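The values are calculated or read from the model by the stated rules, or taken from the named source; none is laboratory data. All figures in this text were calculated on a predicted structure; none of them were measured in a lab. Backbone-built Cβ (ideal geometry, glycine too); neighbour counts: all protein chains shown. Just so you know, the surface numbers come from the protein's heavy atoms only, side chains and all, with ligands and any DNA or RNA stripped out. Shrake-Rupley method; radii C 1.70, N 1.55, O 1.52, S 1.80 Å.
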Amino acid sequence: MKEVFLVPVYHTKPVNVIFDDYKGFMIILYPVEAIEGNDSMPPNSLMRMTRALSDEKRLRILKILSSGNRSFSDLVQLMDLSKSNLHYHLSLLRTAGLITIHHVPFSNQDKYGVRAGVFDDVKMMLESYVFH
């Protein structure tokens, strides 16, 4: 490895994107929050979370994942959704920071799970915005 480049990006939150093994270089895109301009407006992170929680399908996905990590294929069967529709809902949940993807080595089956402590974060963010 010759060099590592760290690049802050605000449009991939909460996803880290890693490009490695490129002629001895590694590029890591890491998420940062866009600067909030108006204190009276809710933060973008709170809006992403509340929007993600406002859909019946996404709440069902969270309920399924609460019992343990599941593969995309498992979720397709359990949710009875098309792959593209499920992918859309998982993307919103992940962007909101509510779920994570766990890479399974030597497998094409990554597992989705509920992010630990995320509902404490939702409560804290709501209270912080509403009461301060």
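Considered as a group, the residues in the stretch 28-57 that are within 18 Å of residue 100 (Cβ to Cβ) and touching a residue at least 40 places away in the same chain (Cβ under 8 Å) include one that is surrounded by the fewest Cβ atoms within 10 Å (Cβ to Cβ), and that residue is 53. Counting the residues of the stretch 83-98 that are more than 14 Å from the chain's Cα centre (by Cα) and more than 19 Å from residue 108 (Cα to Cα) gives 1. Do we find a residue being of a type outside the set (A, V, I, L, M, F, W, C) and either in contact with a helix residue (DSSP H, G or I) (Cβ under 8 Å, 6 or more places away or on another chain) or at pLDDT 85 or above (or both) anywhere in the stretch 15-31? No, that holds for no residue.
Looking only at residues of the stretch 102-115 that are more than 12 Å from the chain's Cα centre (by Cα) and either open to solvent by 80 Å² or more (accessible area, probe 1.4 Å) or in contact (Cβ under 8 Å) with a residue 12 or more places away in the chain (or both), we find that the one that is farthest from residue 64 (Cα to Cα) is 106. In this structure, does residue 122 turn out to be touching a Leu at 6+ places or on another chain (Cβ under 9 Å) and under 20 Å from residue 48 (Cβ atoms)? So residue 122 passes the test.
Among the residues in the stretch 69-89, are any crowded, with 18+ Cβ neighbours inside 10 Å, at pLDDT 95 or above and under 23 Å from residue 33 (Cα atoms)? Yes; the residues of the stretch 69-89 include at least one that is crowded, with 18+ Cβ neighbours inside 10 Å, at pLDDT 95 or above and under 23 Å from residue 33 (Cα atoms).
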